[in-house]
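Each value in this text was obtained by applying a stated rule to the coordinates, not by laboratory testing. A quick note: this is a predicted structure, and the numbers were derived from the prediction, not measured. Counting neighbours? That spans all protein chains shown, and the Cβs are built from the backbone with ideal geometry, glycine included.
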Amino acid sequence: MKKIAVVQKENNVLLKFEAELLLIKYEIEIELINKIQNMEIIEKELKEIKQENSELKNKIEILETKYEKLSKEQEKDKKELNELKTEMNEMKKNMNQNYNIKQLNINNKSSIMKENEFDMINTAIKVRLNKDVKDLIKLYQASIDGDNAINFHTKCDSIPNTLVLYKSAGNRRFGGFTTVGWSSPTSGESKDDPKAFLFSLDKQKIYSFKNKGNAISIYKEHGPIFGSSDIVMYDGFLKKDNKRLFTYESNSNCSFNYDGDNNALSEDGKSGYINALELEVFHVVL
């Protein structure tokens, strides 16, 4: 009986020990399970963080691309804005120049040319000299200063850039421009001027120099002459009993190109002598 009691006691101890082992094993397993679960949670969170980081990276790349695009667009807009500013300044400059031209008050300066007819002449001068007309200074008017060659040369000789206006008794209005100054040689001289041109105020047409022959002819005893004889003003300009103004418009022999317009300057489409009503000469200020 005593041995049985000892065995039972030992069995109880063993069972208790096994139970404790099982408990410890269970606790360890529970702890491992919890750690594994925690690791899974951490891994999941880490995965989510990585996913978020990837999304953030993509967003950053998209934003960087947008920023770069916007920067380029901004640079483009800035360039276009500067170009627009430059264009606007140029337009303002042209507007001011046009305004200044209108301020010339052509009607008060000329009895032959009207205000709205000067733009054509200004454009022709700018094309040839790359400058706008700043002012017109009247040098001579036949009906006021005397209709003879002496008075014309006294007031107009040696002055460059002159605009000459003629008006015939048949109310034809035309003229010419030359950069070469007039002079008074005893014998006639011819002067070349590739910048010279003739014009018709009535037709609003420009007739360019052919760059051959002579642009103007100068004589002590004559008024302003363009070409060899495209326009000739003889002494005693406004004498009604004598025709003192001569126009010649044969395209083959003239110094200026009339583009087939045989009625550019004459009253009846024919070259010849006509009566003059007025002659004006202006210095063109550039």
> For Gln204 and Glu75 in one chain, what is 0.36 nm times their gap in residues minus the Cα-Cα distance, to one decimal in nm?
Replying inline: 41.8 nm
> If you take the Cα Rg of the chain and divide it by 2.2 N^0.38 Å, with N the number of residues, what do you get?
Replying inline: 2.66
> Listed highest first by mean packing, meaning other Cβ atoms within 10 Å per residue, what order do 199-210, 182-193 come in?
Replying inline: 199-210, 182-193
>> Treating only the Cα positions of the stretch 155-209 as identical point scatterers, give the base-10 log of I(q)/I(0) from the Debye formula at each q in 0.19, 0.20, 0.31 Å⁻¹.
In response: -0.76, -0.82, -1.18
> Ranked highest first by average number of other Cβ atoms within 10 Å, how do 137-145, 277-285 line up?
Replying inline: 277-285, 137-145
> So which of Lys195/Lys239; Lys203/Lys243; Lys126/Lys195; Lys114/Lys167 end up more than 20 Å apart by C-alpha?
Replying inline: Lys195/Lys239; Lys203/Lys243
>> What is the angle, in °, between the Cα long axis of helix 2-102 and the longest principal axis of the Cα atoms in the chain? Nearest 10 is fine, range 0 to 90.
In response: 0
> Between the helical axis of 118-129 and the dominant principal axis of the chain, each derived from Cα atoms, what acute angle in degrees is found, rounded to the nearest 10?
Replying inline: 70
> Can you list the residues, at least 5 places off or on another chain, whose amide H is less than 5 Å from the amide H of Ser228, using H built in the peptide plane?
Replying inline: Asn214, Ser255
>> Applying a 10 Å radius around every beta-carbon, put 126-132, 227-233, 38-44 in order of their mean neighbour count, most first.
In response: 227-233, 126-132, 38-44
> Can you work out ³J(HN,Hα) from phi for every residue in the stretch 229-235, in order, using Karplus 6.51 cos²θ - 1.76 cosθ + 1.60 and θ = phi - 60°, giving whole Hz and x for Gly and Pro?
Replying inline: 7, 4, 9, 10, 10, 7, 4
> Could you state the principal axis extents of the C-alpha atoms in the stretch 146-286, from the largest down, to the nearest angstrom?
Replying inline: 36, 35, 29
> Can you pull the percent of Cα pairs in the stretch 210-286 with separation above 13 Å?
Replying inline: 68
> Which cross-chain or sequence-distant (5 or more) residues have an amide H under 5 Å from the amide H of Gly223, H modelled 1.01 Å from N in plane?
Replying inline: Met233, Tyr234, Asp235
>> Please list, ordered by chain and number, the residues whose modelled amide H lies under 5 Å from the amide H of Leu286; skip anything fewer than 5 residues away on the same chain.
In response: Lys134
